[in-house]
Amino acid sequence: MKKVLTIQDISCIGKCSLTVALPILSVLGNETAIIPTAVLSAHTAFKDFTFKDLSDEILKIVEHWTKENFVFSSIYTGYLGSIRQIKIIESILEKLKFDYFIVDPVMADNGKFYKGFNAIYANSMMDLCLKADVIIPNVTEAHFLLKKTYTEYYDVNYIKEMLLEFKGMGIKNPIITGVKVNDKLGVVAYIGKTNQFFEYYKDHVEKSIHGTGDIFASVFTGLYSNGISIETSLKIAVDFVYECILNSQNSDIWYGSEFEKTLPYLIKQVNSVKKL
């Protein structure tokens, strides 16, 4: 069984971050270790949420783990609440043993930074991305990482140009999510192993639900860590998010998708791949 470490916050209400990553990584057959970066009463789209920074605990946890000589198949970071936390993650990468480092640079969407983030934060996040084997920004985050002015009007060649910029910086496998092409929504990636682009889309569903990016990144990481190709991992991740959205059309968008009842679909998809 592969051991995957995910580093991100716990939002006590609103399905995202660790409350999404832990069950998905586990159901995909990974032994899941966690480092919580913060505890929030609810995710940041809710008003007046509480925030308990756990930065000081991260180094203590890693100090214990290095004594135990733990080894991870992959390390996957999500929401990091401050530049200080980014710097801490950079430092612990030198202490932990792992095969792959995957960064989901959670900081923005729909052309805007999330509360508490700005261009200075994006610059620090870019430094972390440069240490990754795989990065998974959405379209907005890709713009901000590359210091580009956000535009919602683009074609797939524009997205590919951004991927090539990431590749030119040394990132082997950059992936951009939430790419809209006509009436489709999906993912475009540059695959370092083949030096080729990969695209995969589903029909665009108008209702946008909080937390689907975390679901996507968790499914991808869980599959890729188990030796499934980037292309197949991306396809299954897109399909699963699509099914989650369809199963959540009557749900409150801020509480997240009803991904739990869609997990049997995910297991079925993975089992079909393993039989090939």
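Pick from segment 75-118 the residues that are closer than 18 Å to Val4 by Cβ and in contact with a Gly (Cβ under 8 Å, 6 or more places away or on another chain): which of them is surrounded by the most Cβ atoms within 10 Å (Cβ to Cβ)?
Checking each candidate, the answer is Asp104.
Scan Thr177, Thr140 and give me the residue that is open to solvent by less than 60 Å² (accessible area, probe 1.4 Å), assigned to a strand (DSSP E or B) and among the polar types (S, T, N, Q).
Of the residues listed, the single one that is open to solvent by less than 60 Å² (accessible area, probe 1.4 Å), assigned to a strand (DSSP E or B) and among the polar types (S, T, N, Q) is Thr177.
Would you pick out the residues in segment 152-174 that are over 15 Å from Thr140 (Cβ atoms), open to solvent by 60 Å² or more (accessible area, probe 1.4 Å) and not in a helix (DSSP H, G or I)?
Correct list: Asp155, Met169, Lys172.
Go through Leu40, Leu22 for me and flag whichever is closer than 23 Å to Ser82 by Cβ, touching a strand residue (DSSP E or B) at 6+ places or on another chain (Cβ under 9 Å) and modelled with pLDDT of 95 or more.
Leu22
Checking Thr149 against (1) surrounded by fewer than 16 Cβ atoms within 10 Å (Cβ to Cβ); (2) part of a helix (DSSP H, G or I); (3) without any contact (Cβ under 8 Å) to a residue 24 or more places away in the chain, which single condition isn't satisfied?
(2)
Just for helices (runs of 4 or more DSSP H) wholly inside segment 16-114: which have at least 1 residues that are among the polar types (S, T, N, Q), over 16 Å from the mean Cα position of the chain (by Cα) and over 22 Å from Val241 (Cα atoms)? Lay out the reasoning, then the answer.
Values: elements: 17-27, 55-68, 83-92.
Per the criteria, 55-68, 83-92.
The values are calculated or read from the model by the stated rules, or taken from the named source; none is laboratory data. Predicted, not measured: the structure shown is a model, and the values here were computed from it. Quick reminder, even Gly has a Cβ in these numbers, built from the backbone with ideal geometry, and neighbours come from all protein chains shown. Note: areas computed on protein heavy atoms with side chains; ligands, DNA, RNA excluded. Shrake-Rupley method; radii C 1.70, N 1.55, O 1.52, S 1.80 Å.
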